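J.: One structure is given below, represented as structure tokens, and several questions about it will come after.
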Amino acid sequence: MPELMVVRHAQASFGADNYDQLSELGHRQSAMAGEALREMGWVPDRLVTGTLTRQKETLHSMGFSDVPEEHSGWNEYDFHDLLRVKHGGAIPDLVQHDRKTHFRTLRETLREWQDDGLHGAAESWADFKARIQAARQFSTETDAQKVLVISSGGAIGQLVASAMSAPPEQMIALNLQVKNTSMTRFIFSSRAFFLHEFNATPHFAPQARADMLTYS
């Protein structure tokens, strides 16, 4: 059956003015991920990304030079927008720059969003779920046998949760587990969509590469 491989973008620039670009480590992570796919003999015949720079840079640094198709449904939710709504317009500096505080606040904010809170946010939880579904349909309605998608943690978490018919809070747990350049694989047909593998990072398996693993 055809396969959909969804790879999370590599490490972006956490704490920088422009988060939406890869760090130097992110480019190296991407190169290793691309090498791992080629070593497995997994050669895509369709490339898809969201519209974010960090997603496109990941694909390019993986060694795929063909221009990908784009679908904005693969983009991440706008956490900064959710935070601005939650905090009345100004995001606390500690939330933006301290990783521990950032991820604790992320969990709390997403749960409130899922409970139909955060009125005034640019995107509702229902709209987010709908666009992930649309992105999945766009990417799997194809004659291609191996579809490679570069996406983001929240989108991957929701895609997996949906495939497993899991409750909304499970999306948050999945989201926070997704590693940079991890590979999540699905098998699909016109009538079926099954999770086959989640959050795999074979390119970081050797002990010498253990410090390459990141989550943001």
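Values in this text are rule-based calculations from the coordinates and carry no lab data. Just so it is clear, the model here is predicted, and its values are computed rather than measured. Reconstructed Cβ throughout: ideal geometry from the backbone, glycine too, with neighbour counts over all protein chains shown.
J.: List the residues of segment 1-43 whose backbone N lies under 12 Å from a point placed 7 Å from the Cα of SER65 along the Cα-to-Cβ direction.
T.: Flagged as within label range: none.
J.: Report the rotationally averaged projected area of segment 78-122 based on its alpha-carbon convex hull, in square nanometres.
T.: Here the figure is 2.8 nm², rounded to one decimal.
J.: Antiparallel as a % of all DSSP beta bridges within the chain, to the nearest 5?
T.: Roughly 50 percent of the DSSP beta bridges within the chain come out antiparallel.
J.: To the nearest 500 deg cm²/dmol, what mean residue ellipticity at 222 nm is calculated for the chain from DSSP H runs of n ≥ 4 alone, each contributing -39,500 (n - 2.57), summed and divided by the residues?
T.: -13000 deg cm²/dmol
J.: Among GLY117, THR101, GLY88, pick out the residue whose Cα is farthest towards the positive end of the charge dipole of segment 78-122, where Lys and Arg carry +1 and Asp and Glu carry -1 on C-beta, about the Cα centre.
T.: Ranked along the dipole, the leading option is THR101.
J.: Evaluate the distance, in nm, between pseudo-label points positioned 7 Å from the Cα of MET40 and of ASN18 along their respective Cα→Cβ axes.
T.: Taking the two extended label points, one gets 3.2 nm.
J.: Can you list residues from other chains, or at least 5 along the same chain, whose modelled amide H is less than 5 Å from the amide H of ALA10?
T.: Distant-sequence amide H within range of ALA10: THR58, THR181.
J.: In addition: State the label only: which of (i) 76, 30, 30; (ii) 49, 42, 29; (iii) 51, 34, 33 corresponds to Cα extents along the principal axes in Å computed from the shown model?
T.: Correct label, based on the coordinates given: (ii).
J.: Given R₀ = 25 Å, what would the calculated FRET efficiency be for HIS97 paired with THR53, taking r from the Cβ atoms and rounding to 0.05?
T.: Calculated transfer efficiency: 0.75.
J.: List the residues whose amide H sits under 5 Å from the amide H of HIS196, counting only those 5 or more places along or on another chain, with H placed 1.01 Å from N in the peptide plane.
T.: ARG185, PHE186, ILE187
J.: Okay, moving on. Rank the residues TRP125, TRP42 as a footprinting-exposure proxy: fewest other Cβ atoms within 10 Å of their Cβ go first.
T.: Taking fewest neighbouring Cβ atoms as first place, the list is TRP42, TRP125.
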